[in-house]
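These notes concern the structure reproduced below.
We did not get these values from a lab; they are worked out from the coordinates using the rules stated. These numbers come from a predicted model, not from an experiment.
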Amino acid sequence: MNIPELLLAFLAADVALLGFAGIIALIDRTAARVSHDIASFRVRNLVLFGLCVIVLAVVPLLAVMLGGGSIVWRVACAVQALLIVSLIVRIERIRHAFTGERAKGMNLSVYYYFLVTGVAIVVLLGIGAAAYLPPAAVYATGVFWFLFNVALLFMRLVFTLDDAMRSSGPRA
């Protein structure tokens, strides 16, 4: 499998997860003891990361098809690194706004996972942009990181739904 095929596979997985997430996001989660702010934060970031996967999977392929050479992948690595840094800063600012009742249901281990892996991917993308590693492969790794975060946020929504259903008691 080559890099364009891999990016298209990531795109297909992302669209499937976003489709199911739309249904799950509509279900009431009040019984799961998660604040509306946290639930909204998860849904908004799921959509944001999903859109990032779509754009990141398609744009470099179009650039290569339009005649961009190998420099496309190096530039794409640098742009993706800047995007991840901006997302880390954004989420860091928002995290500090969740206090008291607004923080109910927040899982800091997910936040620390995001922070540590995000920084690691930024370093890897920098190495790819400098062409010390194959830029196209490094770029695909970065897109996978976005896709994995979509899957993680999707999983958190599913677990919240499961908690809500268990807390509401047996159904007739």
field: Per-residue HN-Hα couplings for segment 151-158 [Karplus 6.51, -1.76, 1.60; θ = phi - 60°; Hz; x = Gly/Pro]
entry: 5, 5, 5, 4, 4, 4, 5, 5
message: Report the gain in length on full extension from Tyr132 to Val15: 0.36 nm times residue separation, minus Cα-Cα distance, nm rounded to one decimal.
response: 38.9 nm
Scattering curve values for segment 109-151, log₁₀ I(q)/I(0), Debye with Cα scatterers, q = 0.18, 0.19, 0.30 Å⁻¹: -0.50, -0.54, -1.00
- prompt: Once phi is turned into θ = phi - 60°, what whole-Hz ³J(HN,Hα) does the Karplus curve with 6.51, -1.76 and 1.60 give for every residue of segment 127-132, x standing for Gly and Pro?
  reply: 5, x, 5, 7, 6, 7
statement: Going residue by residue through segment 6-14, the Karplus relation 6.51 cos²θ - 1.76 cosθ + 1.60 with θ = phi - 60° gives ³J(HN,Hα) values, rounded to whole Hz and with x marking Gly or Pro, of 5, 5, 5, 5, 4, 4, 5, 5, 4
